[in-house]
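Take a look at the structure set out below.
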Amino acid sequence: MRTTRALAVAAAAVGAVGLAAPAASAWADPTNIVAMPSVIPRGGHLTVTVDGTSCQTPGSKITSPAFPDTNLHQISGGSTASGTAVIHKHARPGAYDITAHCGGKTLTRPAAFTVIHGG
């Protein structure tokens, strides 16, 4: 009898956690950063998309040592925002992080893109 009760309690706990997980992920916003192209010369135009509704708010931006702060703009029909950054002419070749600043929250994508000679 005790085993049955213990299993029932454990199953209920797992079910409660499973139901709470999707709601918790909605609060973890922004959720993803994608940079295209992933390899780019100095002076090139880098398109960055960020998933998350908080990135559609005014003042949302992306930052990196390789480019000036760049505003994000809502992409219609979804919960994604985008911005196009111009890589500094003096950027050193190598991998760079991108940080999204959205609605008071931040997300950093390590080594999101690589700058190469040229441009």
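The values are calculated or read from the model by the stated rules, or taken from the named source; none is laboratory data. As the structure is a prediction and not an experimental result, all values here were calculated from the model. Ideal geometry is used to build each Cβ from the backbone, glycine not excepted, and the neighbour counts take in all protein chains shown.
Results for (1) over 17 Å from PRO37 (Cα atoms); (2) among the small types (Gly, Ala, Ser), shown as yes or no for each residue.
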| site | (1), (2) |
| --- | --- |
| VAL50 | no, no |
| GLN56 | yes, no |
| GLY59 | yes, yes |
| HIS73 | yes, no |
| ALA85 | no, yes |
| PRO93 | no, no |
| CYS102 | yes, no |
| ALA111 | no, yes |
Hey, could you check segment 57-79 for residues that are modelled with pLDDT of 95 or more and of a type in the set (Val, Ile, Thr) and say which is farthest from GLY94 (Cα to Cα)?
THR70
Condition first: of a type outside the set (Val, Ile, Thr) and on the phi < 0 side of the Ramachandran plot. Now tell me which residues in segment 43-56 satisfy that.
GLY44, HIS45, LEU46, ASP51, SER54, CYS55, GLN56
If a residue has to be farther than 30 Å from GLY118 by Cα and either more than 13 Å from the chain's Cα centre (by Cα) or surrounded by fewer than 18 Cβ atoms within 10 Å (Cβ to Cβ) (or both) to count, how many in segment 55-90 make the cut?
9
Taking the stated definitions as given, is SER82 in contact (Cβ under 8 Å) with a residue 24 or more places away in the chain and small (Gly, Ala, Ser)?
yes
Pairs, first closer than 15 Å to ILE62 by Cβ in segment 92-108, second modelled with pLDDT under 95 and charged (D, E, K, R), C-beta under 8 Å, six or more apart:
CYS102/ASP29; GLY103/ASP29; LYS105/ASP29
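Let's see how each residue does on (1) under 13 Å from the mean Cα position of the chain (by Cα); (2) surrounded by 18 or more Cβ atoms within 10 Å (Cβ to Cβ); (3) not hydroxyl-bearing (Ser, Thr, Tyr):
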residue: ALA35; (1), (2), (3): yes, yes, yes
residue: SER38; (1), (2), (3): no, no, no
residue: THR53; (1), (2), (3): yes, no, no
residue: ARG92; (1), (2), (3): no, no, yes
